[in-house]
Amino acid sequence: MSISVFDHSILSGLLGDAEIAAQFTVAAELSAMLAFEVALAKAEAEVGLIPQAAADAILALPERFVPDVDAIREATMRDGVVIPELVRQWRAALGEQGKHIHFGATSQDAIDTGLMLRLMQVASLLDRRLETVIGAVDVLEARFGPIPLMGQTRMQAAIEISVGDRLASWRAPLARYRQMLKRWLEGGFPVQFGGAAGTLEKLGDKADTVRARLAADLALADRPQWHSQRDVIAEFGGLLSLISGSLGKMGQDLSLMASAGTALIGGGGGSSAMPHKRNPVKAEVLVTLARFNAVQLSGLHQSMVHEQERSGSAWTLEWLILPQMVVATGTALRTAADVLGSVERIGDA
C-alpha cells in the first residue's frame, strides 16, 4: 500500500480520480502560480508600478519557461514553500526584466491564488458530475418510483412508502449542493493578494486598484487579503464533505437494500471464496469516502488556527488534507453515477 490510496497503482482504480487529481499535479500548480504572476504584472503595468516592457516579457513567460523541479524540491526543504526558488528561476529566465516579476507579492499570494484557480476548475467538474448523478436518480424514479417499499426507521420496518419517496431523499440534497456550487462559481473563489504582511505596502494608494484588476483578469472575486483567515478553505471543504456525505447515505441505503433483497445491483464485486456473491462494492465505497471526508473536515478546521499574520504549520496542514478531500468527492460522484446506472431493480414488488 502506498501513502495515499488515491494515487496507488492498484487501489486508485477503486478510489482514485485521474481527472480531478490532474488539478493537483506539479504542472497544474506551477502553471496556476505563473498565471497569477502574469495577471499581476499586467495589472501593475496598467497603473505604472512596473514598466510595460517588463509586463510584456512576463506575459510571454508561460510559453517558454521550463521549471527545474528538482531544484524547487530541494529549495522547498529549506524555505518551506516553492515560491522563492520559483521566483529565482523566473527572474533568470526573464533576464533584465526579471526584477519586476512578483513585485509587491508574497509566496502565499501566488500559492493561494493558484489554488483558487484550480479549485474553480474542480468546482465546475463537480457541478457537472452532480448533474449526472441527479439525472441517474431521475431515471430510477421513472423506472421504479411508484413501486411499494417498506420504509425503515431506526433499522426497523415502519410503514409502506414508495421507491420514489426514498429516491427523493437522495435527490434533494444533491440539488441544493448544485446551488451552493453555483454561488462558488459565480464569485466564491477569491483572489489572494496582500504582500508581506497583508498590507500591500509596496503598492501604496494603487493597492486596491491592482488587486481589483488582478481579480478581474483571473475571473476571481476581489476581496481583501485572507492570509490568516482560512474560512474560505474550511467552507469549501465543508461543501465537499456534504456532497460525499449525502452520497454515502445513498450508498448505505443501497447496501442495506441489496442485503434485504429490495434492490438488485448489477456489476457487483466477486468473492474469492464465495463465487455466488455479488458484493455491492461501489455502494460501499460511497460510505467509505463519506466517512473519510467527514474525518478530514476536522483537520481543515484545525488549520484555521493561524497565528498572527501567517502560519507555516497551519497552512501546510491544508496541503495535506484538501487535495485528498477534493479527489474523494470527485470519486464519490463518479462512483455514485456508476452504481445508480447499474441498479436493476428496487422495491418490494
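When you check D217 against the structure, is it in contact (Cβ under 8 Å) with a residue 40 or more places away in the chain, of a type in the set (D, E) and not in a loop (DSSP other than H, G, I, E, B), yes or no?
yes
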Can you pull out the residues in segment 87-125 that are in contact with a helix residue (DSSP H, G or I) (Cβ under 6 Å, 6 or more places away or on another chain), aliphatic (A, V, I, L, M) and either in a helix (DSSP H, G or I) or under 25 Å from T331 (Cβ atoms) (or both)?
L94, A110, L117, V122, A123
Per the filter on segment 20-54, residues of a type in the set (D, E, K, R) and farther than 13 Å from P323 by Cα are E37, K42, E44, E46
Considering only segment 294-306, state which residues are out of contact with any helix residue (DSSP H, G or I) (no Cβ under 6 Å at 6 or more places or on another chain) and either crowded, with 17+ Cβ neighbours inside 10 Å or touching a residue at least 12 places away in the same chain (Cβ under 8 Å) (or both).
Q302
Output for segment 1-53, where each listed residue is of a type in the set (A, V, I, L, M), touching a Phe, Trp or Tyr at 6+ places or on another chain (Cβ under 9 Å) and farther than 30 Å from T335 by Cα
L34, L40, A41, L49, I50
Would you mind finding the one in D253, D222, D205 that is without any contact (Cβ under 8 Å) to a residue 12 or more places away in the chain and of a type outside the set (A, V, I, L, M)?
D205
I'm checking my understanding of the structure. Among residues of segment 73-86 that are without any contact (Cβ under 8 Å) to a residue 24 or more places away in the chain and not acidic (D, E), which one is surrounded by the most Cβ atoms within 10 Å (Cβ to Cβ)?
A75
Please verify whether H100 is at pLDDT below 95 and surrounded by 14 or more Cβ atoms within 10 Å (Cβ to Cβ), treating the condition exactly as stated.
no
Restricting the search to segment 182-197, which residues are assigned to a loop (DSSP other than H, G, I, E, B) and surrounded by fewer than 21 Cβ atoms within 10 Å (Cβ to Cβ)?
E186, G187, G188, G195, A196, A197
Among the residues of segment 27-58, which ones are touching a Lys or Arg at 6+ places or on another chain (Cβ under 9 Å), among the aliphatic types (A, V, I, L, M) and surrounded by fewer than 16 Cβ atoms within 10 Å (Cβ to Cβ)?
V47
Can you pull out the residues in segment 37-55 that are under 32 Å from the mean Cα position of the chain (by Cα) and farther than 17 Å from T209 by Cβ?
E37, V38
Which of the residues that make up segment 152-180 are surrounded by 14 or more Cβ atoms within 10 Å (Cβ to Cβ) and either over 30 Å from R128 (Cβ atoms) or in contact with a helix residue (DSSP H, G or I) (Cβ under 6 Å, 6 or more places away or on another chain) (or both)?
Q152, I161, V163, G164, L167, W170, R171, P173, L174, Y177, R178, M180
Evaluate segment 246-254: report whether one residue or more is out of contact with any His (no Cβ under 6 Å at 6 or more places or on another chain), crowded, with 16+ Cβ neighbours inside 10 Å, of a type outside the set (S, T, Y) and not in a helix (DSSP H, G or I).
no
Helices (runs of 4 or more DSSP H) wholly inside segment 1-84 containing at least 3 residues that are under 20 Å from W315 (Cα atoms) and in contact with a helix residue (DSSP H, G or I) (Cβ under 6 Å, 6 or more places away or on another chain):
26-46
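The values are calculated or read from the model by the stated rules, or taken from the named source; none is laboratory data. All of these numbers come straight from a predicted model, not from anything done at the bench. For neighbour counting, all protein chains shown are included, and Cβ atoms are generated from backbone atoms with ideal geometry for every residue, glycine included.
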